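Heads up: the structure comes next, in structure tokens.
The values are calculated or read from the model by the stated rules, or taken from the named source; none is laboratory data. All values derive from a computational prediction rather than experimental measurement. Here Cβ is always computed from backbone atoms with ideal geometry, including for glycine, and neighbour counts include all displayed protein chains. Protein only, heavy atoms only, side chains kept; ligands, DNA and RNA dropped before computing areas. Shrake-Rupley method; radii C 1.70, N 1.55, O 1.52, S 1.80 Å.
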Amino acid sequence: MKTKQKTHNTLWLTLSLVALLALLIGIGIQAGLAFWRYQRSRVVAGAALEALSASCTAQLQEKREARLAALGGSGEEARERLMALAAEKGEKQRDKHLELLMLVNPWHLLPEGYEPQLAPAVSTYQSNSGFQMDARCTEELHQMLDDCRMQGLQPYICSAYRTQDYQQMLFDNKIGRLIDEGVSPEDAPELAATTVALPGTSEHQLGLAVDLMDEGYPYLNEAQEWTETQRWLMTNSWRYGFILRYPNGTSDITGIIYEPWHYRYVGKEYAKIIYDLDITLEEYLQLRNGR
Ligand SMILES: [Zn+2]
């Protein structure tokens, strides 16, 4: 009788263990499948964004040309005129009242020893990010990020104020990577300057520029434009005093590639005008200077 009971118990124990094992394997398979589906949806979404971006770039370029032509002569002439004016009038924006409009680009260096008054630039997800910006814009930056999040979107800061030394390090690293890729040491600095601003010419050193990305698409490429976060920021940032600084098709005016993540604070008043006119900071300064 006892032996029978023992066999019975062993049988139950074995069956229970087998059932438990089957359950664990089942959970493992489900988790694996869910993760695979999640990864695949991210790749598909990323590819779709990139395709959309490519198809829209040509259209935007055409619109841009038309706008430049409307500003004066053919697109090519207008560009040359605007560039010449930018160089000629570069000094004017140093006027104290126009400090928020200070132009920093490949042709206008940051004033030597420029040191903005800094304050922490944070977002809910990044309370200890260590990012800093000019104290004149952090309140509005935080308001903008909060309001964007209220829409269910996920903006985050990936770059803000940079010191001269930090910009130099980014630039040197880029040169190093180019040389590793086989570019000659003579050509590397010029090539590096097309994607990483030469120290002294980066708006990030002003403390008024911030790079913002969508958490769901953390890549610094043109497709960033088609994320919900960037759609919202591009439409609304002017309300908080920020402009999209390097719009599509403006590289020959700004000297910087299209960056659908780089926002520049100029104050609400100027941001609204620049947004309404749909022009760059360079073009606005020229119009302002009466030419
Ligand atoms: Zn930037």
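Values computed for the structure shown
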| item | result |
| --- | --- |
| Residues that are over 25 Å from ASP276 (Cβ atoms) and either in contact with a Phe, Trp or Tyr (Cβ under 9 Å, 6 or more places away or on another chain) or within 11 Å of the ligand (Cβ to nearest atom) (or both), drawn from segment 205-240 | GLN205, GLY207, MET213, ASP214, GLU215, TYR217, PRO218, LEU220, ALA223 |
| Flag if TRP261 is surrounded by fewer than 23 Cβ atoms within 10 Å (Cβ to Cβ) and within 24 Å of LEU145 (Cα to Cα) | no |
| Filter result (surrounded by fewer than 22 Cβ atoms within 10 Å (Cβ to Cβ) and free of Cβ contacts under 8 Å to residues at least 60 places away in the same chain) within segment 264-273 | GLU269, LYS272, ILE273 |
| Residue within segment 182-204 that is within 15 Å of the ligand (Cβ to nearest atom), open to solvent by 20 Å² or more (accessible area, probe 1.4 Å), over 15 Å from the mean Cα position of the chain (by Cα) and among the polar types (S, T, N, Q) present | yes |
| Top-ranked residue of segment 115-126 - restricted to ones that are open to solvent by less than 80 Å² (accessible area, probe 1.4 Å) and modelled with pLDDT under 90, ranked as nearest to HIS204 (Cα to Cα) | VAL122 |
| Condition broken by LEU110, with the remaining ones in (1) part of a helix (DSSP H, G or I); (2) at pLDDT below 95; (3) within 23 Å of the chain's Cα centre (by Cα) satisfied | (1) |
| Test: residue in segment 134-144 that is at pLDDT 90 or above, of a type in the set (Val, Ile, Thr) and within 20 Å of GLN224 (Cβ to Cβ) | no |
| Candidates THR254, THR280, filtered to the one that is in contact with a Pro (Cβ under 7 Å, 6 or more places away or on another chain) and within 16 Å of the ligand (Cβ to nearest atom) | THR280 |
| Sole exception among (1) in a loop (DSSP other than H, G, I, E, B); (2) within 20 Å of TRP232 (Cα to Cα) for LEU141, by number | (1) |
| Top-ranked residue in segment 237-255 [being among the charged types (D, E, K, R) and open to solvent by 30 Å² or more (accessible area, probe 1.4 Å); ranked as modelled with the lowest pLDDT] | ASP252 |
| Counted residues, segment 222-231 - those being in contact with a Cys (Cβ under 8 Å, 6 or more places away or on another chain) and surrounded by fewer than 19 Cβ atoms within 10 Å (Cβ to Cβ) | 0 |
